[in-house]
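Reviewing the structure listed below.
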There are 2 protein chains.
Amino acid sequence: MSLKHSLLVLLADRPATGYELSQKYKEAIGFFWKASHQQIYKQLKDLADQGWVTFEEELQAGKPDKKKYQITSKGLAGLRAWLSSEIKPSKTNDALLVMLYGGKHVDDAVLLREVKRHQLLHQKNLQKLEAIESLYLSLDSTQKNSYRLPYLTLKRGLSSERAWLEWSDEVVEVLMAGSL
Amino acid sequence: MSLKHSLLVLLADRPATGYELSQKYKEAIGFFWKASHQQIYKQLKDLADQGWVTFEEELQAGKPDKKKYQITSKGLAGLRAWLSSEIKPSKTNDALLVMLYGGKHVDDAVLLREVKRHQLLHQKNLQKLEAIESLYLSLDSTQKNSYRLPYLTLKRGLSSERAWLEWSDEVVEVLMAGSL
DNA sequence: TTGTCCATGTAAGTGGTTACATGATTCA
DNA sequence: TGAATCATGTAACCACTTACATGGACAA
């Protein structure tokens with residue numbers, strides 16, 4: 001149930017609308033926490049009902065009104081409590097590995113095609129992360145220091161994508177040998 | 001919805017009871033696909049309703065009756081179709097990274113304690129995987145060849161745990177510097 | 001003129017977790 | 001004597017996905 005807490009983390013930085021928050025889940029925090037806009041809007045409503053956030057409505061003509069959410073002291077206390085609690089290890093459910101594990105029921109060429117498709121996705125993702133890293137590295141040391149914790153999460157992304165790609169090269173080798 | 005397909009993969013190997021299957025999710029396939037026994041029993045029922053598996057009941061006194069499930073030709077066809085389809089990349093939801101990302105709201109020492117706790121879990125997991133690998137490596141080449149695809153999934157586990165641990169060493173360094 | 005961005009949601013359905021239930025056997 | 005293993009589930013709840021809805025602005 002950390003969608004809640006990831007929203008609080010973002011709101012602790014600055015007030016934002018649901019839309020702005022949902023954008024953050026397409027980069028930054030989205031590299032390790034995925035959420036759809038439907039989920040986000042619902043969770044914000046629940047947080048407001050709990051009194052962990054409040055919002056002000058900005059009226060707009062022709063469009064739905066904007067709701068600018070901000071964290072309350074109760075919300076910040078809740079966030080701090082969670083940050084000091086035991087985090088349960090994230091569970092892995094990796095369908096591509098299920099496919100490989102049961103792969104003997106289809107041709108290696110079929111598996112190979114799918115692994116290569118995923119390789120492209122991971123390569124793209126790695127490039128995005130590398131672009132963000134070079135931005136970070138160009139900051140002065142005061143700014144670098146203020147982003148040192150988010151930078152650790154970026155490093156996690158870089159490390160895990162690189163490890164995935166190295167592994168997949170090996171997989172491709174094995175599958176190519178099999179489909180001769 | 002790959003719990004279904006992971007069950008079919010296991011049943012394609014040999015018939016099994018729900019209990020036996022749920023054991024497999026504590027090792028082997030469980031390293032990349034987690035499922036509780038409640039989920040498994042329910043899914044097996046659904047698969048039987050669909051005609052993808054059948055079962056024979058073994059009556060037992062004092063205990064619930066055993067149901068030995070086996071895959072049908074319809075089930076095998078369904079499995080093959082899935083193995084040839086596009087697998088959607090697994091989504092990552094990593095609460096520990098959310099914690100680090102928002103870590104400036106608590107002391108570094110608190111973060112450090114939690115990261116170290118997770119390190120132990122990952123180390124244990126790596127050891128388990130290494131033990132399985134040494135078993136695999138002691139097989140003769142015919143057997144090695146028949147397990148070559150499952151071995152690739154094992155390698156994924158090894159690679160990802162090692163990458164995680166390397167990253168976490170860096171995290172510990174940064175957090176120790178911060179909590180001086 | 002098609003598509004993407006802005007901006008918010010509802011509703012139905014699926015998948016997963018947590019709590020609870022039963023009861024014999026075996027091991028420390 | 002208490003915990004773990006065997007063996008199967010139900011029920012309530014929570015999280016997440018997919019489909020649908022609205023409608024103006026602006027760019028290719």
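Quick notes
- Among the residues of region A:1-45, those identified as more than 14 Å from chain B (Cβ to nearest Cβ) and among the charged types (D, E, K, R) are A:GLU20, A:LYS42, A:LYS45.
- Just one of the listed residues (B:LEU11, B:LEU97, B:LEU3) is within 15 Å of DNA strand C (Cβ to nearest atom) and touching a strand residue (DSSP E or B) at 6+ places or on another chain (Cβ under 9 Å), and it is B:LEU3.
- Residues satisfying the stated conditions in region A:59-93, i.e. near DNA strand C (Cβ under 8 Å from one of its atoms) and without any contact (Cβ under 8 Å) to a residue 40 or more places away in the chain: A:GLN60, A:LYS63, A:PRO64, A:ASP65, A:LYS88, A:LYS91, A:ASN93
- Taking the criterion of being more than 19 Å from A:ARG156 (Cβ to Cβ) and buried (at least 16 other Cβ atoms within 10 Å of the Cβ), the residues of region B:77-104 that qualify are B:GLY78, B:LEU79, B:ARG80, B:TRP82, B:LEU83, B:ILE87.
- Condition met for A:ALA48 (in contact (Cβ under 8 Å) with a residue 12 or more places away in the chain, surrounded by fewer than 19 Cβ atoms within 10 Å (Cβ to Cβ), away from chain B (no Cβ under 14 Å) and of a type in the set (Gly, Ala, Ser)): yes
- Across region A:11-44, the qualifying residues are those that are of a type in the set (D, E, K, R) and in contact with a Gly (Cβ under 9 Å, 6 or more places away or on another chain), and the one among them that is nearest to A:TYR147 (Cα to Cα) is A:ASP13.
- A single member of B:GLN119, B:GLN127 is in contact with a Ser or Thr (Cβ under 6 Å, 6 or more places away or on another chain) and either assigned to a helix (DSSP H, G or I) or within 24 Å of B:LYS155 (Cα to Cα) (or both), and it is B:GLN119.
Bear in mind that the values in this text are calculations on the coordinates, not laboratory data. It should be emphasised that the depicted structure is a prediction, and the values quoted were computed from it without experimental measurement. Counting neighbours? That spans all protein chains shown, and the Cβs are built from the backbone with ideal geometry, glycine included.
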